[in-house]
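All of the numbers you see were taken from the coordinates with simple rules; none came from a lab. Computed from a predicted structure; not experimentally measured. Methodologically, a virtual Cβ is constructed for each residue, glycine included, from the backbone with ideal geometry; neighbour enumeration extends over all protein chains shown.
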Amino acid sequence: AQEAFCEAFHVNATHPQIMAYLGDTNSQVDVWDNFARVISPGGTPSPLLEYDVSEEDQLRAMLDTSYDKELPIKIPEGTTMRAHAAAMSRERWRPMAGDWVDSMSDAEMMDSIDYTLFPNFHPWGAFNRIVYRFRPNGDDHRSSIMECIFLAPYPEGNKPDPAPIHWLSDDENFSDAPELDTLGKVFDQDVFNMGKVQLGLETTQKTGVVLSNYQESKVRWLHQKLTEWCGEDE
């Protein structure tokens with residue numbers, strides 16, 4: 001299951017609503033020994049779109065604001081949505097992180113920076129709160145346990161109490177978890193086609209899967225590490 005969260009190459013087919021402000025196929029992929037990273041630029045439209053996306057359209061997509069409603073934020077003249085949103089993000093985090101935010105680049109404020117520490121730990125970089133962890137579901141190779149954890153800085157001396165765990169049942173959607181906010185809808189999109197992908201893997205006559213040379217190299221790295229650690233059944 002964690003393969004689905006190891007690349008941004010699926011955005012155009014799975015999350016088309018974010019293409020206006022996420023440069024999916026512009027993602028940078030870095031692979032080291034026991035960890036890897038994907039950086040997807042935010043505040044910039046997907047190169048796959050065949051039309052020009054205005055700064056306002058990017059902002060509407062990011063805020064999920066329909067065209068019949070007034071935008072709650074105005075982009076100052078002479079700046080870009082990316083730069084303005086990055087500045088607003090710094091101010092949002094300033095009460096918790098202090099003036100440290102002034103040393104953070106626009107990329108650290110806006111981009112999706114997804115690390116994977118082999119074999120199953122996925123912390124996001126900079127000020128993104130998201131952390132994934134994937135675990136085996138007993139001996140069932142057709143399912144797994146996915147955890148999404150939000151980690152965020154807090155004002156010194158005001159450490160919050162541990163958050164209660166909210167486990168979802170088999171018949172619940174991620175959007176049924178209010179703790180995930182809008183991320184729940186994104187996860188629902190992610191898992192929508194997973195059953196068909198699993199069925200395809202189990203029924204194919206091919207000896208392997210086809211991966212893109214670059215954008216899915218993190219998936220390839222993951223399986224190479226699994227083979228290195230566990231061996232390969234000839």
Once the in-chain neighbours fewer than 8 apart are removed, the lysines whose Cα is under 24 Å from Lys218 read Lys196, Lys206
Sorted by chain and number, the residues with a modelled amide H under 5 Å from that of Thr44, at a separation of 5 or more or across chains, are Leu22, Gly23
Taking Cys148, Cys6 and counting other beta carbon atoms within 10 angstrom, the fewest-first order is Cys148, Cys6
Candidates for Kirkwood radius over Cα pairs in Å are [x] 21.1; [y] 19.3; [z] 19.8, and the calculated one carries label [z]
Residue separation between Ser105 and Glu56 times 0.36 nm, minus their alpha-carbon distance, gives in nm 15.4 nm
What helix-only [θ] at 222 nm does the chain give? Using -39500 (n - 2.57) per DSSP H run of at least 4, over all residues, to the nearest 500, the answer is -8500 deg cm²/dmol
Checking rank on 25-32, 134-141, 93-100, with mean other Cβ inside 10 Å and highest first, the result is 25-32, 93-100, 134-141
Excluding residues fewer than 8 positions from Lys185 in its own chain, the aspartates and glutamates with Cα under 16 Å of it are Asp64, Glu147, Asp171, Glu172, Asp176
Relative contact order of the chain (C-alpha contacts under 8 Å, at least 6 apart) in percent is 20 percent
Note to self: C-alpha centroids of segment 109-163 and segment 1-72 sit apart, in Å, by 20 Å
Looking only at aspartates and glutamates whose Cα falls under 13 Å of Lys69's and that sit 8 or more positions away or on another chain, we get Glu56, Asp57
